[in-house]
1. Cβ under 12 Å from Lys73's Cβ, Lys73 left aside: what net charge do those residues give with Lys, Arg +1 and Asp, Glu -1?
2. Where does the charge balance sit around Asp181 when Lys and Arg score +1, Asp and Glu -1, over other residues with C-beta under 14 Å from its C-beta?
Amino acid sequence: MKPTLETLTAQFGRLVPESVSAPTPAPAPVAAASVPAAPAATLAAPVPAAPVTPAVPAAPPPSPIQVTSHAAKGYDLDITVPPQEVAAAALILDHDGFALDTVTGVDWLAQNQMEVVYDYFHPTVPLRVVVRTRLPRATPELPTISNVFPGANWHERETHDFYGIRFTGHPNLKPFLLPEDANFHPLRKDYQP
């Protein structure tokens with residue numbers, strides 16, 4: 001049986017947390033700051049108060065499972081999983097005949113997070129799947145998928161070199177492209193040579 005977007009969506013639905021959350025109430029409008037009174041002799045005209053602008057409610061977080069336009073994005077399914085579920089996601093895709101294309105990191109400095117992005121393709125069905133996970137920047141660590149996709153070995157080593165993301169259970173997480181004594185990660189946004 002060939003994988004479809006519907007079957008993949010159902011399989012990944014068991015891995016991701018519920019995306020339904022209670023709406024966040026909008027904060028109360030902020031009143032204009034009062035202007036200190038000037039001495040009576042210099043007060044020419046009253047200063048109008050700034051208008052009260054209503055607060056815009058926060059947008060709900062995106063769904064962890066998104067069907068996308070391949071023509072627009074270059075992939076068909078975008079999945080966000082918790083870090084501890086990346087190996088389970090890899091098993092689902094391996095079972096359905098997918099192959100690993102790339103593994104890379106993204107440094108979200110302003111959010112104090114790191115992201116690992118896994119790109120998969122199917123050799124006989126025109127489907128591409130992206131699996132993402134976010135990690136705290138201070139402790140960027142998640143399980144390896146090299147026991148499911150052996151080709152991930154080098155990708156994970158490269159991601160570790162450049163971003164400092166640790167893949168627990170990796171059989172050989174030593175520098176791949178950087179010198180063996182390198183104690184820096186040059187693709188982190190706060191890296192200073």
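1. Working: positive: Arg128; negative: Asp76, Asp78, Asp119.
Result for the local shell: -2.
2. Residues close to Asp181 contribute a combined charge of -1.
Just so you know, all these numbers are worked out from the coordinates, no wet-lab data involved. Quick caveat: nothing in here was measured; it's all calculated off a predicted structure. Backbone-built Cβ (ideal geometry, glycine too); neighbour counts: all protein chains shown.
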